[in-house]
Structure formats: structure tokens, C-alpha cells
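A.B. asks: One structure is given below, represented as C-alpha cells, and several questions about it will come after.
The values are calculated or read from the model by the stated rules, or taken from the named source; none is laboratory data. Source: prediction; values computed, not measured. Please note: Cβ atoms are built from the backbone with ideal geometry, for glycine as well, and neighbour counts cover all protein chains shown. Ligands, DNA and RNA are stripped out before the accessible areas are found, and what is left, the full protein with its side chains, is counted by its heavy atoms. Shrake-Rupley method; radii C 1.70, N 1.55, O 1.52, S 1.80 Å.
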Amino acid sequence: MRVPATALLTVALTVGASGAPATASPPDWHVTGVRPIGQPIAVGGVAVGYLTRDRRLYARAMRPADGTTIWEREITPSRQTAGMAIVPARVGDGVALLEPRPDSGPNWASLTVVEAATGRVVRSSPPAIFRTTAYGCHDDSSACAMSVPHQGGTRREYRLDLATGAFTPHGAEVPRARSIGEAGLTDLGDRPNERIALIRDGAVRWQRPVADAFPTGFSTDNGWTWWYAEQAGVYAGSVFGPARRTANTVDLELHTQTASAGLDEQTGAVLWRDAGSMTSCAYSIALRDEAVRCRVRGTAHFVVSPPSESFTDLDVVLEGFDPRTGATRWTLPAGAAEALVSFSQPAAVAGEHTIVAGLPAGDREIDLRDGTVTEPAADARYWCLSRARFDFHEGYTAGDGPERFDRTGDNLATVCTADGGPADSGRPSPGASQAIGAVVNGYAVVATADGYHGVTLTG
């Protein structure tokens, strides 16, 4: 499932028109008048993205050659964990999504699979409350989500079988569980004996106390970031320590309250531990296929409302590492490079494997495969990224707090220069668009704050 495996420190952190077919000149197109909440995915020969309009959410399928809308359906986050990105998920040639069922009550929904190319409903579940976004059940024959089927019911994974339409409990009850990563990585919700587990095909394959992999007091309640290194068979991730909190601020000591670890996908065994580092540099490295981490010192200061972040005495070392052993492959001293540790605004993307950050020598392109540093051309353009936030018409409460309506999406892109400033002209390389957008039939479809861009990848 395509779920960014990151939660921000959760305590810290326009209405669009329907969008007409694009009229931009070939080879690129631009659909304006819509407000995406993250990057689309490629499925069934089309690009499918989520957007917001009038405080509601919609899934939209677009033809990759020109951005024409093929179909659109209203969706809902139901009661998904606050702070987790709301993103579309592929199941075979279809899209798994949550459709609102207001007749059953606020936040009620049906798990629905839609044929991506046509919008035809393949299967839909009875109404329920959902605690995660929809995702594929690690195959192409069913869709899953953590669900509570009725008021007072127990949370567990439910499976929608595409062949039969059966919507059935899929494994053990996990009343307080929440998804924390791709392909079934789950926090079982036990406190104080916190455990991470792998849930697949309805079964808890393994479970591991957080204290086995991270220092005392570290908890996903303080935030997490997990990267699924599928080829290596490893979950590499970070969990954070207890920050200093007030009603409106969070202060995180980066060296003492960050740590990383590698867990074996098959057994949950702790393969390695690393204090003072963050895999994927927390949320700041958007290229999720790269085995990188940041070794950090200094203090991160977060303000809840209005949201902001700042850093004091920051010092960063960017590292490439072996997912299986945790061994460092290369290092790059980066000084006070805030772009490498931002929890809300990832480093700009320069290419398929390349980002941009302000190093002690100036703004530089960094190849994440080997740490090679290159001075950018004067007219180079990049995709700068920021996490989408939006209001949804149905609220939620966190603990004993007030009702809230703010929700979290995925990354949105803006054309920028090497220093992160907006660019009035020029465009990023096709490789940069390919790295962050949905690649379909020779096009990369990229979501920006004001719509969707189609970028040709073939001549």
C-alpha cells in the first residue's frame, strides 16, 4: 500500500472548481482550479489522486496524456489516526477507497474498490467505522482496512474479497492498534508495554517490544518514521523520545531523543540499533527508496498553532547505510542544513535519486546513492515539497481535547530554485517529476497546490 511511513510529532504539527480538460500546449499540460491533497498514484493506465473541495474529499482519475477527468467519487478519512496521510491505494487494476455513508452517522463509510480506468464499482462493504485508510491485503484479490463494524465493536482488520464481495474479520482482534508503516507494520497499542507487530493475511506474524529496539521512554506516541526496504527484507525506522511539551509547543533534543533500528521482516528480530539518528531524515527525504539517515544534534522547536518549526544549534551528518546491517556506507557533513531535518517540508527533489540542500559550501545537489555532491546550474529548477493540510467537514477529538477538523495529506510540489525560493520560469527535470509523481504511459502526473501537471518522459 502506498502509505507514507511517517507520522509527524502528532501534537506539533480553497475551494477548487471541478477542473476542465487541460488546454496547455504539448508536451506538458496543467489542470488548474482544483486543490490536491497529495501526489496521485498510477493504476490501471490512469492517474488517481485525492483532492478537497468545500471541506469534502474526492478521488479523481485522470487521463495521463492531458489530465482529462475520467471519473470522480466522494471519499472520507472516516476515523483514521490523526497525523497519518490520507492517500489512494492500488488493488490490482483498481483503487481501494472509503466512501462516506452519512445515513449511518458521522464518519461512517464503506470500503469500496473502484475499477481505475472506468470508475465502475467492483465491490463495496457494509457501512462501518474505519481507523486506517484502505489498502491492498498484500495481494491483488482483496482490500483491507482496520475497522470497527458497529458502535462498541472491537477494532480489527477487515477484508473485502473482490471475487465474492465478502467483508469479514481478518485475524486477531487488535482493539488499540494503528498502522505505522507499509505492508502491515502495526503498533498494537499496548501501554506501557508497547509492541510493534507485523500483521499480514489477518495474522500477527510477529511482535516485538519497542524497548528491544529503542531506548527507554521512546514511543510511537512521540512520533515515528518507518521505511520498508522490501528487497532487503527489513523495516528500518525511527521512534522518538519524550519531548518537552507545553499546551502549544514541543521541543525535541535531536541527539538524545532520536534513534533508529532495523527489524527483520520475517521474524521481527532487531538487526541493528543506532542512537541519535533518523531514518529518511524523519520526513525530510521524500525519495523513499533510498537507504539514508541523518545523524543530528541540536534542538527542534515546534509550535502547534499556528504551526511552525525552528532549530537551534543544528548540526547534521547525512549518511547512506546498509538496511540489513545498519553499517554506514557513506557520510556527508551537512552542518545546519534544515532542509535535511524538516518535519514538515522535505528537501527539494532534483532527480530520481537526487535532492538539494544548503550545505556549508552552499546549495548543492546530493546523489543519495553514494553521497556525491554537485554544484547546481544557475538556471536549475526543482520540485520543492510541503505537506498538505486541509479542513474536513466532519471533526474528530484527540484524547480530552476539543473537536478538530484539520487533516493531513501527502506532499504537494512547487517549482523552486536551489535555495528553495519560488521560480517564475523553467521546470524541473523529467527525472524529478518521475521521482515524486505518478508515472503512467510515458507521463509523470505531479500534484501542486493549484492543480495537476503532466510532464512528458519520452520524446
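A.B. asks: May I ask you to compute the full-extension gain from Ser386 to Asp424, defined as 0.36 nm times their residue separation minus their alpha-carbon distance, rounded to one decimal in nm? Show your work: numbers first, answer last.
C.D. replies: Values: separation 38, 0.36 × 38 = 13.68 nm, distance 1.83 nm.
That pair, Ser386 and Asp424, stretches by 11.8 nm at full extension.
A.B. asks: Right, next: Which of rounded, prolate or oblate describes the stretch 20-144 when judged by the alpha-carbon gyration tensor and an a/c cut-off of 1.5?
C.D. replies: On the way: a/c = 2.07, a/b = 1.51, b/c = 1.37.
Prolate.
A.B. asks: What's the local net charge at Asp370, with K and R +1, D and E -1, over the other residues with C-beta under 12 Å away?
C.D. replies: Working: positive: Arg329, Arg369; negative: Glu290, Glu319, Asp367.
In short, -1.
A.B. asks: Can I ask one more? What length, rounded to one decimal in nm, is gained on full extension from Asp289 through to Asp251, with 0.36 nm per residue of separation minus their alpha-carbon distance?
C.D. replies: Details: separation 38, 0.36 × 38 = 13.68 nm, distance 2.94 nm.
Full extension from Asp289 to Asp251 adds 10.7 nm.
A.B. asks: How much FRET efficiency would the formula 1/(1 + (r/R0)^6) give for His138 and Ala166, where r is the Cβ-Cβ distance and R0 is 22 Å, rounded to 0.05? Kindly include the intermediate steps, with their values, before the conclusion.
C.D. replies: Working: r = 17 Å, r/R0 = 0.79.
Computed FRET efficiency for His138 and Ala166: 0.80.
A.B. asks: What are the ³J(HN,Hα) couplings of the stretch 95-104, residue after residue, when phi is run through the Karplus curve with 6.51, -1.76, 1.60 and θ = phi - 60°? Round to Hz, x for glycine and proline.
C.D. replies: Each residue of the stretch 95-104 in turn: 10, 8, 8, 10, 9, x, 10, x, 5, 8 Hz.
A.B. asks: Skipping prolines and chain starts, which residues have an amide H placed within reach, meaning under 5 Å, of the one on Asn222, given they are 5 or more residues away or on another chain?
C.D. replies: Phe240
A.B. asks: Net charge near Trp29, counting Lys/Arg +1 and Asp/Glu -1 over other residues with Cβ under 13 Å of its Cβ? The partial results should precede the final answer.
C.D. replies: Working: positive: Arg63, Arg427; negative: Asp28, Asp66.
Result for the local shell: 0.
A.B. asks: Moving on to the next point. Under the classification rounded if a/c is under 1.5, otherwise prolate if a/b is larger than b/c and oblate if not, where does the stretch 213-372 fall, given a ≥ b ≥ c as square roots of the Cα gyration tensor eigenvalues?
C.D. replies: Numbers: a/c = 1.79, a/b = 1.08, b/c = 1.66.
Oblate.
A.B. asks: If you work out mean projected area of the Cα convex hull in nm² from the coordinates, which of (i) 31.1; (ii) 20.3; (iii) 22.5 do you get?
C.D. replies: Only one option fits the structure, namely (ii).
A.B. asks: Could you list which residues have their amide H under 5 Å from that of Arg101, counting only those 5 or more apart in sequence or on another chain, with H placed in the peptide plane?
C.D. replies: Here Trp108, Ala109, Ser110 satisfy the definition.
A.B. asks: Please give the length that would be gained between Glu74 and Thr331 if that part of the chain were fully extended, namely 0.36 nm times their separation in residues minus their C-alpha to C-alpha distance (nm, one decimal). Kindly include the intermediate steps, with their values, before the conclusion.
C.D. replies: Details: separation 257, 0.36 × 257 = 92.52 nm, distance 4.61 nm.
Stretched fully, the Glu74-Thr331 segment lengthens by 87.9 nm.
A.B. asks: With the contact rule set at Cα under 8 Å and sequence spacing of 6 or more, what percent relative contact order holds for the stretch 156-294?
C.D. replies: Details: 296 pairs, mean separation 21.6, N = 139.
With pairs under 8 Å counted, the relative contact order is 16 percent.
A.B. asks: Also, I was wondering about something else. On the protein heavy atoms, probe 1.4 angstrom, tell me the percent of accessible surface of the chain carried by carbon and sulfur.
C.D. replies: The computed percentage sits at 48.
A.B. asks: Further question on the same structure: What does the C-alpha gyration tensor say about the overall shape of the stretch 342-392? Classify as rounded when a/c is under 1.5, otherwise prolate if a/b is larger than b/c, or oblate.
C.D. replies: Prolate is the answer for the stretch 342-392, as a/c is 1.5 or above and a/b outweighs b/c.
A.B. asks: What residues qualify as long-range amide H neighbours of Arg159, i.e. H under 5 Å apart, gap of 5 or more or another chain, H built at 1.01 Å from N?
C.D. replies: Here Thr168, His170 satisfy the definition.
A.B. asks: If you don't mind, there's one more thing I want to ask. Given R₀ = 25 Å, FRET efficiency for Ser308-Arg404 by Cβ-Cβ distance, to 0.05? The partial results should precede the final answer.
C.D. replies: Details: r = 18 Å, r/R0 = 0.71.
My answer for the efficiency is 0.90.
A.B. asks: In debye to the nearest 20, how big a dipole does the chain give about its Cα centre with +1 on each Lys and Arg Cβ and -1 on each Asp and Glu Cβ?
C.D. replies: Working: 41 positive and 51 negative charges, 206 e Å.
So the dipole magnitude of the chain works out to roughly 980 debye.
A.B. asks: Now, a different point. I'd like to check one number: the per residue accessible area of the chain, probe 1.4 Å, reported in Å² as a whole number. Let's see the in-between values first.
C.D. replies: Details: 17720 Å² over 459 residues.
About 39 Å² of surface per residue is accessible.
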